[in-house]
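First comes the structure, then the notes that go with it.
The values are calculated or read from the model by the stated rules, or taken from the named source; none is laboratory data. Everything numeric here is computed off the predicted structure, so don't read it as measured data. Cβ coordinates were reconstructed from backbone atoms using ideal geometry, including for glycine residues, and neighbour counts include every protein chain displayed. Accessible surface areas use protein heavy atoms only, side chains included; no ligands, DNA or RNA. Shrake-Rupley method; radii C 1.70, N 1.55, O 1.52, S 1.80 Å.
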Amino acid sequence: LIGANIETYLLEKVRLIHPGEKERNYHVFYQFLSGASKDEKAQFFLDNMEAVDFNLLSQTGEYKRRDGVSDRDNHEGMKKAMTSIGFSDGTTQSLMRLVVAVLWAGNMKFKEME
């Protein structure tokens, strides 16, 4: 394979808020939580947190992949792929920060004020 083009990419927005029954949310969330270093987790205030601690990931009760693929290995593979296509460490770090921000945003609760 010398190159590739993506002509169409469908991002299922509804999956983020309402994953299907017995389905996990987007893999990148589980991959980060499984594969992030202790320093990365500390930086994002995730020291001992797991998928079950996040509303966006705990709605269906599905946390493990059914195909046996390692989220930790996929996280490392994703970071290597980002490097190989020219993402700087800073860009990769910014993307990971965004992933974590979405997880934390999903834990926010709002109440109507009188």
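If you go through the stretch 7-40 and keep only what is within 16 Å of Leu56 (Cβ to Cβ), within 14 Å of the chain's Cα centre (by Cα), modelled with pLDDT of 75 or more and charged (D, E, K, R), you end up with just Arg24.
Across the stretch 73-106, which residue is modelled with the highest pLDDT among those that are assigned to a loop (DSSP other than H, G, I, E, B) and surrounded by 11 or more Cβ atoms within 10 Å (Cβ to Cβ)?
The extreme case among them is Phe87.
Kindly check whether there is at least one residue in the stretch 50-72 that is out of contact with any Ser or Thr (no Cβ under 9 Å at 6 or more places or on another chain), among the polar types (S, T, N, Q), modelled with pLDDT of 90 or more and open to solvent by less than 90 Å² (accessible area, probe 1.4 Å). Looking through the stretch 50-72, at least one residue is out of contact with any Ser or Thr (no Cβ under 9 Å at 6 or more places or on another chain), among the polar types (S, T, N, Q), modelled with pLDDT of 90 or more and open to solvent by less than 90 Å² (accessible area, probe 1.4 Å). Pairs are defined by a Cβ separation below 7 Å, a sequence spacing of at least 6 or placement on different chains, a first member in the stretch 51-70 that is free of Cβ contacts under 8 Å to residues at least 12 places away in the same chain, and a second member that is of a type outside the set (Lys, Arg) and assigned to a loop (DSSP other than H, G, I, E, B); the pairs so defined are Val52/Tyr63. Taken over the stretch 25-54, the criterion of being closer than 21 Å to Val69 by Cα and either assigned to a helix (DSSP H, G or I) or of a type in the set (Val, Ile, Thr) (or both) is satisfied by His27, Val28, Phe29, Tyr30, Gln31, Phe32, Leu33, Ser34, Gly35, Ala51, Val52.
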